[in-house]
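The values are calculated or read from the model by the stated rules, or taken from the named source; none is laboratory data. Being a predicted model, the structure only gives us computed values, none of them experimental. Please note: Cβ atoms are built from the backbone with ideal geometry, for glycine as well, and neighbour counts cover all protein chains shown. Areas reflect the complete protein model, heavy atoms only, side chains present, ligands, DNA and RNA absent. Shrake-Rupley method; radii C 1.70, N 1.55, O 1.52, S 1.80 Å.
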Amino acid sequence: MAFPSTLPASSLDALPTQLAILDIDGTILYTNEAWKRFGTENDYAGDASSIGMNYLGVCDVDPDQSATAAGGGIRSVIDGTDDEFSYEYPCHSDNERRWFTMRVTRFEHEDETYVQVVHLDITDRKLAELEVDEKANRLQNVAGILSHDLRNPLSVALGYAKAVLDEGIATERIERIVSSLERMDDIISDALVLARHDTVETTSTVDLQTKAETAWSHVETGDVELAVADTMLFEADDSLLSHVFENLFRNAIEHARPEESDTNLTVTVGPLLEDPDGPGFYVEDDGVGIPERDSDEVFDAGYSVDSEGTGLGLSIVSQVAGAHGWCLELTESVSGGARFEITGVDRRAAE
């Protein structure tokens, strides 16, 4: 069977991808210029066009697993088991790592059945994926070091320092040591949340008021008051949601009140049930608010107006919201304080 003369060969030659047309026996009837060029550049021993060669026969004698998979896929399209077949495989040269995707489709032309085989170079995408995986692995290794190799001796040092402090020895200096060790522990805790939680695997039903009040009890609040306007049920990762509330509470307690001021401060939590972006909740305060010039930076890791802060609190809030698929927005409360709105939560639990 010859290649159909009425098919637009010149157009196929213009394609940057390698393309071949086979008959139903697997014999190559046509290859475009990209196919021939690839064969020439890679020192193919025979005719670079491969025309007349049986593609399936080559796959059958090649011991490589990729060739076996390719042959099986082509046959599945020829016999109609599959409408199309796609297979990703490596094809490295002596000096370059390369990956391709083979796509096989069947088509009819003048009452004859043909198979089109296209090889698409996906090296750039694959290298990018490998780089992401490598960075993720390094990040997990760092998280392991923070969690075990560093945190364990830090806990021991902090325990001894507090014991010495309780004995009243060199109190002022020991207090500084304890404060530094506790800050190191806070930094490690925040860094671990950032390193380990890009996605949410499982959720459970949570109650807004209960979660807010529980988180409030875990934060040093001083004379700041918590008000819960109302409650609702929604789906969330219970542990990660705690990080959201605790960090938003700490942000309000540490930054909402003017320095050296004894002004009463209230942090309010409430549901957003009629928001156009979907149901959600807010955390706001009646403090000094966040300057507009800083509104685009507050969620960046490392951003802090306090030299004693880790600069990771609001970054953690942003990452946890993103991991849930929620939207996070910084606005202004009615009193001029900071208001953080989280929308797009799943309220299936309330149905």
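Data for the structure
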{"read-out": "Under 14 Å, Cβ to Cβ, from V77 - net charge with Lys/Arg +1 and Asp/Glu -1", "value": "-4"}
{"read-out": "E172-E254 FRET efficiency (beta carbon distance; Förster radius 22 Å; 0.05 resolution)", "value": "0.40"}
{"read-out": "Carbon and sulfur %, accessible surface of region 1-117 computed with the full protein complex present, 1.4 Å", "value": "48 percent"}
{"read-out": "Dimensions in Å of region 78-122 - Rg and Dmax from alpha carbons", "value": "13.9, 45"}
{"read-out": "Peptides 202-210, 339-347 ordered by average Cβ neighbours within 10 Å, highest first", "value": "339-347, 202-210"}
{"read-out": "Two-site label geometry, E292 and S76: point separation in nm, points 7 Å out along Cα→Cβ", "value": "5.9 nm"}
{"read-out": "Inverse of mean 1/r across different Cα pairs in region 233-290, Kirkwood, Å", "value": "13.0 Å"}
{"read-out": "Contour minus Cα-Cα distance for R37 and D25 (0.36 nm per residue)", "value": "1.8 nm"}
{"read-out": "Rule-of-thumb Rg ratio for region 43-143 [Cα; 2.2 N^0.38 Å; N residues]", "value": "1.37"}
{"read-out": "Spin-label proximity, N264 to region 199-238 - amide N less than 14 Å from point 7 Å beyond Cα toward beta carbon", "value": "223-227"}
{"read-out": "Simple label model, 7 Å out from Cα along Cβ direction - L127 to E110, nm", "value": "4.3 nm"}
{"read-out": "Neighbourhood net charge (13 Å Cβ-Cβ; Lys/Arg +1, Asp/Glu -1) for L165", "value": "-2"}
{"read-out": "Spacing of the two label points (7 Å from each Cα toward its C-beta) at L192 and A157, in nm", "value": "1.7 nm"}
{"read-out": "E96/D64 FRET efficiency (R0 22 Å; Cβ-Cβ; nearest 0.05)", "value": "0.75"}
{"read-out": "Net +/- balance of residues flanking E292 in space, Cβ distance below 15 Å, scoring K and R +1, D and E -1", "value": "-3"}
{"read-out": "Value of Rg to Rh for region 96-137 (Rh from inverse mean 1/r over Cα pairs, i.e. Kirkwood)", "value": "1.31"}
